[in-house]
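Taking it in order: structure first as structure tokens, then the write-up.
Rule-based calculations on the coordinates, nothing more; no lab input. This is a predicted model, so every value here is computed, not measured. We place every Cβ from the backbone using ideal geometry, glycine too, and count neighbours over all the protein chains shown.
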Amino acid sequence: MIENIEQEKLKNEELISRINQLKVQKNAVLLAHYYQVPEIQDIADYVGDSLGLSQKAASSKANLIVFAGVHFMAETAKILSPQTKVVLPDLEAGCSLADSCPREDFDVFKSKYPDHIVISYINCSADIKTLSDVICTSGNAVQIVESFPKDQKIIFAPDKNLGGYINRITGRNMVLWDGTCEVHDVLSTEAIVNLKLDNPDAKLIAHPECKATVLELADFVGSTTAMLNFTKKDNAKRYIVATETGILHQMRKVSPEKEFLIVPTDETCACNDCPYMKLNTLEKLYLCLKNEQPEITLSEEVIRQAEVSIRRMLDISKKLNLIK
Ligand code: 13P
Ligand code: SF4
């Protein structure tokens, strides 16, 4: 057993050293989402939420972007940096939320509301981005929606939990596409209530992809970066974290004196691990950097159309000082 752990450690050290060499040789940048395994987060040039990652991709001067995240994130990087080769360690790293909104079905849905604009959460395919007027992330969704007049009719896709949350706090009545994230939507309200009862001093922080019943109980709701920043600045000592487990790595690094509790799931699954995010491993990362495969490719037409809605989001976010 100990021998196995040692061997694994040596293998990881070797992979990390090769990844670092290849990064320099190829002038590659490694962008990682907070839900990646800790060893990938630790060697990334930048770790962040969807908003931060899209900004990094837009300003990248690298010859190669290695995206340690899921498919829609790597597609967004390609749209914002079309001249750059973008690779993803595992092409199967998708997203249940993005998959819940196929282009053909969304086209039909959209045609029922001809006087509505479309605001789409960044967790959607490039195709859906081409059908959207503006994109948002969980880091700017409320402000993007509020940047439109109160009487503006809006379709919000694909996450009904995030859309419902925005409707509640802004008093709007956006039409919602019926999609959810399979990780956040199953976090159990009952398990959270029990955890709160057992740990009355712990604050509940939640990602807005969680169900309304969970969000109503939360002391703080925000994107992964916002949750991380909250735990940094807030004075509580313990937190119940209602999101994917990967973020705990940064929370523990930034506030080693604090305790972070994950929401228990049943014995049959590690339901609060995103199965798509966790497909990426150090080994796949090394191979993808070495072989520059699998590559993200999109037609020029899709890039041109999808870029408009993403750039609009970045412009609004800059104007509102949400990003630099
Ligand atoms: P963030 O934008 O908060 O990082 O969320 C991305 C995501 O996929 C959440 O499930
Ligand atoms: Fe998609 Fe949910 Fe995984 Fe985020 S956590 S990538 S929304 S399936």
task = May I ask you to sort 276, 35, 46 by Cβ crowding, counting other Cβ atoms within 10 Å and putting the fewest first?
result = 46, 276, 35
request  = Report the relative contact order of segment 1-132, percent, no decimals, based on alpha-carbon pairs under 8 angstrom and at least 6 residues apart.
outcome  = 18
inquiry  = Can you give me the C-alpha center-to-center distance between segment 187-225 and segment 1-64, rounded to a whole angstrom?
reply    = 30
message = Once you keep just the Cα pairs under 8 angstrom separated by 6 or more residues, what percentage relative contact order results for segment 183-277?
response = 32
ask   = Rounded to the nearest 20 Debye, what is the dipole magnitude of segment 263-324 about its Cα centre when Lys and Arg each give +1 and Asp and Glu each give -1 at the C-beta?
value = 500
ask   = Hey, what number do you get for the chain at 222 nm if only DSSP H runs of n ≥ 4 count, each worth -39500 (n - 2.57), divided across all residues, to the nearest 500?
value = -13500 deg cm²/dmol
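Can I get the semi-axes of segment 97-170's equivalent ellipsoid? Compute them from the C-alpha gyration tensor as square roots of 5 times the eigenvalues, in angstrom, largest first.
Whole-Å semi-axes of the equivalent ellipsoid: 18, 14, 10.
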inquiry  = Is the C-alpha gyration tensor of the chain telling us rounded, prolate or oblate? Criteria: a/c under 1.5 is rounded; beyond that, a/b larger than b/c is prolate, otherwise oblate.
reply    = oblate
ask   = Classify segment 1-56: rounded, prolate or oblate, from the alpha-carbon gyration tensor (a ≥ b ≥ c, eigenvalue square roots; a/c under 1.5 rounded; otherwise prolate if a/b is larger than b/c)?
value = oblate
note = GNM of the chain, Cα pairs under 10 angstrom: of 214, 254, 66, the biggest fluctuation goes to 254
ask   = Among 124, 97, 135, whose Cα sits farthest toward the positive end of the charge dipole of segment 81-162 (+1 at Cβ of Lys/Arg, -1 at Cβ of Asp/Glu, about the Cα centre)?
value = 135
request  = Take residue 111, project a point 7 Å from its Cα along the Cβ direction, then tell me which residues of segment 118-147 have their backbone nitrogen under 20 Å from it.
outcome  = 118-119, 127-133
key: Beta bridge orientation in the chain: antiparallel %, DSSP, nearest 5   = 5
message = With +1 on the Cβ of every Lys and Arg and -1 on the Cβ of every Asp and Glu, and nothing else charged, how large is the dipole of the chain about its Cα centre, in debye rounded to the nearest 20?
response = 1360
remark   = Listed residues 127, 185, 45; largest mean-square fluctuation, Gaussian network over the chain with Cα springs below 10 Å, found at 45
Theoretical gain in end-to-end length, residue 320 to residue 234 [0.36 nm per residue, Cα-Cα removed] = 28.6 nm
message = Above 18 Å lies some portion of the pair distances; for segment 38-174, what is it as a whole percent of all C-alpha pairs?
response = 57
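Determine, from the Cβ-Cβ distance of residue 148 and residue 216 and an R0 of 22 Å, the FRET efficiency 1/(1 + (r/R0)^6), rounded to the nearest 0.05.
Using R0 = 22 Å, I get an efficiency of 0.30.
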key: 20 Å Cα-Cα reach of residue 23 towards lysines, excluding residues that sit fewer than 8 places from it in its own chain   = 11, 56, 61, 78, 85, 284, 290
query = Which loop GluC sites (Glu not before Pro) in segment 83-186, with loop taken from DSSP, have no more than 13 other Cβ atoms within 10 angstrom of their Cβ?
reply = 92
key: Percent RCO, i.e. relative contact order, over segment 240-324, from Cα pairs under 8 Å lying at least 6 residues apart   = 20
